[in-house]
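Peer 1: Before I ask anything, here is the structure I am working with.
Values quoted throughout were computed directly from the atomic coordinates according to the rules given, and no laboratory measurement underlies them. Since the structure is predicted, the reported quantities are computational estimates derived from the model, not experimental observations. Counting neighbours? That spans all protein chains shown, and the Cβs are built from the backbone with ideal geometry, glycine included.
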């Protein structure tokens, strides 16, 4: 039996009969009885198939049709997915660029009245010391901010993350409503590239901080738009692997910064912003002309012709006819905030959203907090930071090769608990030689947090239908960033006691927050839905199937 759109084709010995099939405002049991009467089916409701009985009869028409078109992963889809995922590369550069541009340079004494071992240069005469390198290599030395206090020197980085939070809340639903995935990705990259270029011409700390805020505001939706668009361009067989490509590109972008900064270490900090903004601008143009919009989103918005055109472009080998393909939109219209409103009103959606956001909060606290707290460990700071950055690469590779085999719930539970246990063990005292094992446990904890983060994003994509998927994913990322907001304070609190407070809290929080995934349904190998009603029917059918089996 082949289901396409609102018609059911039932093969028979003589011909193929076409039976209209519409289900509007019918309760679940009535749907089952109506379907069985129409098809003349006398088979029992409970079959030996592993798939729920209702899903055997009521396949999601849009999903089955798109899976038929996109199920085989071709070169056209591969190119589209790579181009979209590469936006994470530029996103990572702007996320971590202040590590180099806002660093405090080293200094040396220039007179006998100065003591080089004296750490507080603010109490030394200005004429008695000087910077080791030219002033223009950092905003601290160029604008004489060495004595301005941690609030002023940390303002640009804080402004960036505040912009990310506000931008995520304001722009999160535009990719689900009026703009779509492609336009949102294009505009976000374009805004990030322009504000990054303008940042290179900042004249003081206040203009610089404001432009960093705007950059964070603009880039807030890059990760979500890219992840959702890339995974909606392929079938469910390759969805997990394509999603992991973005994480891999993010790691490469992070690792590219030290290379760029090292090769231009004698240049101004403005050069780093200039060199990262121009490629992002060209990439935005590339997205505009080469990337296709998500066919799923186009169908949900009622743009059937555009969706068919996108499907044929992404998968040129399609030979089937789309003349009978139709898709009936849900009764509610999507505006700027209605996607979030629907997620809150539907109990099953709110339960899922709360669980993944709670898990994301704990993961975010570890993901952003551990690198900040490395100074409290008894290990070389520069080496430990490098090892933490490199540990994201194997985390992405592990997720890439194993995401098709990993159960989402159990893997998230294992990764979060492992991260929590290793985080706590890394700061326990009384073992010898603990100093040598401390960084190893910290790296295992951070690696587990990175792996959990990767799986969580893929899990979120599969938990929510097309019409609200981008909004749900954006809310989860906001929860991750919110967890990172508390990380600097915990890192500072742990410096006086060897990281016991910071790493202890990190471990407890991520371990407890990981338990939220227990109440979520497993999604590995399951087709994704496109509307809220479709997802609700599927969950109800699964509950009935479980009840009948029990």
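Peer 1: For the range 247-299, what is the per residue volume of the convex hull drawn over the alpha-carbon atoms, in cubic angstrom? Kindly include the intermediate steps, with their values, before the conclusion.
Peer 2: Values: hull volume 5.2 nm³, N = 53.
Output value, Cα hull per residue: 98 Å³.
Peer 1: If you count, for each residue, the other Cβ atoms within 10 Å and average over each peptide, how do 467-474, 211-218 line up from highest to lowest? Write down the numbers at each step before the final one.
Peer 2: On the way: 467-474: 27.9, 211-218: 24.6.
Per-residue mean Cβ counts within 10 Å order the peptides as 467-474, 211-218.
Peer 1: If you don't mind, there's one more thing I want to ask. Nearest 0.05, what FRET efficiency do residue 108 and residue 78 give at R0 = 51 Å with Cβ-Cβ as r?
Peer 2: Computed FRET efficiency for residue 108 and residue 78 comes out at 0.45.
Peer 1: Could you compute the FRET efficiency for residue 144 and residue 344, with r as their C-beta to C-beta distance and R0 at 56 Å, rounded to 0.05?
Peer 2: 0.70
Peer 1: Can you tell me the order of 507-514, 283-290, 386-393 when each peptide is scored by its average per-residue count of other Cβ atoms within 10 angstrom, highest first?
Peer 2: Working: 507-514: 22.0, 283-290: 15.2, 386-393: 18.2.
Highest to lowest by the protection proxy: 507-514, 386-393, 283-290.
Peer 1: Let me ask something additional. Tell me, what is the FRET efficiency for residue 526 and residue 170 to the nearest 0.05, using R0 = 35 angstrom and their Cβ-Cβ distance as r?
Peer 2: 0.65
Peer 1: Still on this structure, I have one more. Please work out how much length the chain gains when fully extended from residue 285 to residue 204, using 0.36 nm per residue of separation minus the C-alpha to C-alpha distance, in nm with one decimal.
Peer 2: Here the segment from residue 285 to residue 204 would lengthen by 26.1 nm.
Peer 1: How much length is gained on full extension from residue 152 to residue 437, taking 0.36 nm per residue of separation minus their Cα-Cα distance?
Peer 2: Working: separation 285, 0.36 × 285 = 102.60 nm, distance 3.66 nm.
My answer for the length gained is 98.9 nm.
Peer 1: Let me ask something else about it. Looking at the square roots a ≥ b ≥ c of the eigenvalues of the Cα gyration tensor of the range 337-529, which shape do they give, rounded for a/c under 1.5, prolate if a/b is larger than b/c, or oblate?
Peer 2: prolate
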